1. Search region 1-30 for residues that are within 30 Å of residue 60 (Cα to Cα) and pair each with any residue that is in a helix (DSSP H, G or I) and of a type in the set (D, E, K, R) when their beta-carbon atoms are under 7 Å apart and the residues are at least 6 apart or on different chains.
2. (1) open to solvent by less than 70 Å² (accessible area, probe 1.4 Å); (2) modelled with pLDDT under 95: which one isn't true of residue 25, the others all being true?
3. On the given criteria, is residue 52 in contact with a helix residue (DSSP H, G or I) (Cβ under 9 Å, 6 or more places away or on another chain), modelled with pLDDT of 95 or more, part of a helix (DSSP H, G or I) and loosely packed, with under 13 Cβ neighbours inside 10 Å?
4. Does any residue of region 99-113 turn out to be open to solvent by 90 Å² or more (accessible area, probe 1.4 Å) and assigned to a helix (DSSP H, G or I)?
5. Of all the residues that make up region 71-115, how many are at pLDDT 90 or above, in contact with a helix residue (DSSP H, G or I) (Cβ under 7 Å, 6 or more places away or on another chain) and over 18 Å from residue 31 (Cβ atoms)?
6. How about region 56-73: which of its residues are open to solvent by 90 Å² or more (accessible area, probe 1.4 Å) and either closer than 19 Å to residue 14 by Cβ or in a loop (DSSP other than H, G, I, E, B) (or both)?
7. Among the residues of region 28-44, write down those that are part of a helix (DSSP H, G or I) and open to solvent by 50 Å² or more (accessible area, probe 1.4 Å).
8. Do we find that residue 76 is open to solvent by less than 50 Å² (accessible area, probe 1.4 Å) and under 26 Å from residue 3 (Cβ atoms) in this structure?
Amino acid sequence: MDDELLTEYGKEIQERIRCWKHINESGSNDPGWPDGVNMNLVRNHVLYYKRKIMEICETNNWELPGEFYLPTPPLVKQNYMANLNQKERVERLRGYGYQLQTRKQNFDDAQTSIL
């Protein structure tokens, strides 16, 4: 059971990192929140799965799998927007008081990371 969870969590880490990169490049469609909020949520998912992997490996005295060492996406400013082409969404968010920024977020995915 734990070995199956370990595999599942490793796949989730990879998927969440892909999701973070996609939002950073193309944005999301969330009508109520800027892309930065969603990117930080996805980052938190990566951290969650890494912690779960650590717990399983410590409990079973196993080595940590390679996915555990994949770099964790960085925190970004909450008001980051990948692009401003979604006019209706951008206007709605500005109406909520967000001062949106479009400076791309750097993510060095060659850098190894624990958390």
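1. From residues that are within 30 Å of residue 60 (Cα to Cα), the pairs are 9/52; 10/67; 13/50; 13/67; 14/67.
2. Against the list (1) open to solvent by less than 70 Å² (accessible area, probe 1.4 Å); (2) modelled with pLDDT under 95, residue 25 comes up short only on (1).
3. Values: in contact with a helix residue (DSSP H, G or I) (Cβ under 9 Å, 6 or more places away or on another chain): yes; modelled with pLDDT of 95 or more: yes; part of a helix (DSSP H, G or I): yes; loosely packed, with under 13 Cβ neighbours inside 10 Å: no.
No.
4. Looking through region 99-113, none of the residues is open to solvent by 90 Å² or more (accessible area, probe 1.4 Å) and assigned to a helix (DSSP H, G or I).
5. So the answer is 5.
6. From region 56-73, those open to solvent by 90 Å² or more (accessible area, probe 1.4 Å) are 58-59, 61-63, 69; that's our starting set.
61, 62, 63, 69 - these are the residues of region 56-73 that are open to solvent by 90 Å² or more (accessible area, probe 1.4 Å) and either closer than 19 Å to residue 14 by Cβ or in a loop (DSSP other than H, G, I, E, B) (or both).
7. Looking only at region 28-44, we keep the residues that are part of a helix (DSSP H, G or I), and these are 35-44.
Within region 28-44, 41, 44 qualify.
8. Values: open to solvent by less than 50 Å² (accessible area, probe 1.4 Å): yes; under 26 Å from residue 3 (Cβ atoms): no.
Considered against the rule, which asks whether it is open to solvent by less than 50 Å² (accessible area, probe 1.4 Å) and under 26 Å from residue 3 (Cβ atoms), residue 76 comes out as no.
The values are calculated or read from the model by the stated rules, or taken from the named source; none is laboratory data. For clarity, every value in this text was computed on a predicted model and none was experimentally measured. Here the Cβ is made from the backbone with ideal geometry for all residues, glycine too, and neighbour counts use every protein chain on show. Note: accessible area is taken over every heavy atom of the protein model, side chains too, but ligands, DNA and RNA are not part of it. Shrake-Rupley method; radii C 1.70, N 1.55, O 1.52, S 1.80 Å.
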